[in-house]
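The values are calculated or read from the model by the stated rules, or taken from the named source; none is laboratory data. These figures come from a predicted structure and were not determined experimentally. FYI the Cβ positions are ideal-geometry reconstructions off the backbone, even for glycines, and counts take in every protein chain you see. All accessible areas refer to the heavy atoms of the entire protein, side chains included, with ligands and DNA or RNA removed. Shrake-Rupley method; radii C 1.70, N 1.55, O 1.52, S 1.80 Å.
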Amino acid sequence: MDFSSFATDAKPQIKTHLLSYLETHSILSTMHPWGKDVQQRLSDVVTQGKMIRGILVLLGYRLFGGTEATAVPVASALELFHTSLLIHDDIMDQDSLRRGMKTISAQYQEHAATNTMIDPKRTGESLGICAGDLGFFLGFELVNTLDTTPELKQKLLKIISNELILVGLGQMQDIALGAKTAMPTEEEILTVYRYKTARYTFSLPLMLGALLAGADTKQLHLLELAGEALGLIFQIKDDELGIFGDEKMTGKPIGSDIREGKKTLYRLYLETTADTHTKQHLSTLFGKKHLTDEDLTLIRTRINEKKIPEKITSRVQSLAADFHSACRELEIAEPQKKLLDSLYFFITKRNS
């Protein structure tokens, strides 16, 4: 079995569990009007994504011999955490589109305008923040429903809490770097990638699944290293899709990172290879809210002219070596190692 087949089988299990949990939640079902409102909106959003984090919990579980549905509640909780982070992230980035549909805050803004509420934009953002907060609370409650020993549950909650703290700090660093006029260093950018996305997207779910299956500390550390390397590759691929991707595939406006003035590896490499005149022109494009198709085409052309993709490929190859090195040391059967190899192929070849 390759990762795509595994994901195809795993995703419906997580989706079914999430919908059942949200639809039957005693408080959401009885609190009017906002309980049922959040219940419906979270259900719509949380089931629309790729569910990569939840699927990786089940993968980590499978790598070490787990075959039952024990890991599904934890997988579902991670999808709730992820959805909540996205809700808050979209508000900070002022994005109105996510996964091909209106973001939660944009939905609430529309609701506020329709119901003639004061300041629909701020009201929509405030309600979105509340919905995101509720997703976190619901996620932790879901982990607590797991039928396991108190000791194991405590370990799971500790790992989750630590990684989410790192995500929050990574987001703060991302915002701070974005607010400065100077470009950060390559290591500063990679640090944001590592803690804002890489570890909680790959290291965390793989470790949680493996821990549920009884993996020891050494195996968890190897998965942590493998996940971090793969997560960095994942984020770099996201940067690529943000510039060269197809909006119909990604579900998010192409060029949004440029409009927001995000300081990515692509931007860093481009600015460090540009002459003074080009650099000045580029500075007017990054952060330009009404970026045109011509602007985006120009940036793409400059990136290709300066052979930035080749430099990115070199960085990815180094990270790939780290990933494969950690995987080789894992004490798992050969079919499971092939499953990890197919995960690497899936991440590097994706178009959304």
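Considering SER26, SER20, SER43, SER76, which residue is under 23 Å from SER352 (Cα atoms), out of contact with any His (no Cβ under 8 Å at 6 or more places or on another chain) and among the hydroxyl-bearing types (Ser, Thr, Tyr)? Reasoning before the result, please.
Values: SER26 fails: under 23 Å from SER352 (Cα atoms); SER20 fails: under 23 Å from SER352 (Cα atoms); SER76 fails: out of contact with any His (no Cβ under 8 Å at 6 or more places or on another chain).
Answer to the selection: SER43.
When you check GLN336 against the structure, is it open to solvent by less than 70 Å² (accessible area, probe 1.4 Å), of a type in the set (S, T, N, Q) and not in a loop (DSSP other than H, G, I, E, B), yes or no? Let's see the steps before the verdict.
On the way: open to solvent by less than 70 Å² (accessible area, probe 1.4 Å): yes; of a type in the set (S, T, N, Q): yes; not in a loop (DSSP other than H, G, I, E, B): yes.
Judged against the criteria, GLN336 is a match.
Yes/no per residue for (1) more than 22 Å from PHE323 (Cβ to Cβ); (2) open to solvent by less than 30 Å² (accessible area, probe 1.4 Å):
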site: LEU138; (1), (2): yes, yes
site: LEU146; (1), (2): yes, yes
site: PRO150; (1), (2): yes, no
site: THR181; (1), (2): yes, no
site: TYR193; (1), (2): no, yes
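From the set of residues in segment 195-234 that are more than 12 Å from the chain's Cα centre (by Cα) and of a type in the set (D, E, K, R), which is surrounded by the most Cβ atoms within 10 Å (Cβ to Cβ)?
Looking at the filtered set, the residue picked out is GLU228.
Would you pick out the residues in segment 279-295 that are closer than 18 Å to LEU268 by Cβ and not basic (Lys, Arg)?
GLN280, HIS281, LEU282, SER283, THR284, LEU285, PHE286, GLY287 - these are the residues of segment 279-295 that are closer than 18 Å to LEU268 by Cβ and not basic (Lys, Arg).
Can you find even one residue in segment 251-264 that is open to solvent by 10 Å² or more (accessible area, probe 1.4 Å), over 17 Å from GLU305 (Cβ atoms), assigned to a helix (DSSP H, G or I) and touching an Asp or Glu at 6+ places or on another chain (Cβ under 6 Å)?
No - not one qualifying residue is present in segment 251-264.
Quick one: is LEU241 surrounded by fewer than 24 Cβ atoms within 10 Å (Cβ to Cβ) and either hydrophobic (A, V, I, L, M, F, W, C) or in contact with a helix residue (DSSP H, G or I) (Cβ under 6 Å, 6 or more places away or on another chain) (or both)?
Answer is yes for this residue.
With the structure loaded, tell me whether LYS50 is on the phi < 0 side of the Ramachandran plot, of a type outside the set (Asp, Glu) and either assigned to a loop (DSSP other than H, G, I, E, B) or in contact with a helix residue (DSSP H, G or I) (Cβ under 6 Å, 6 or more places away or on another chain) (or both) or whether it fails that test. Talk me through it step by step, then tell me what you get.
Working: on the phi < 0 side of the Ramachandran plot: yes; of a type outside the set (Asp, Glu): yes; either assigned to a loop (DSSP other than H, G, I, E, B) or in contact with a helix residue (DSSP H, G or I) (Cβ under 6 Å, 6 or more places away or on another chain) (or both): yes.
The answer is yes for LYS50.
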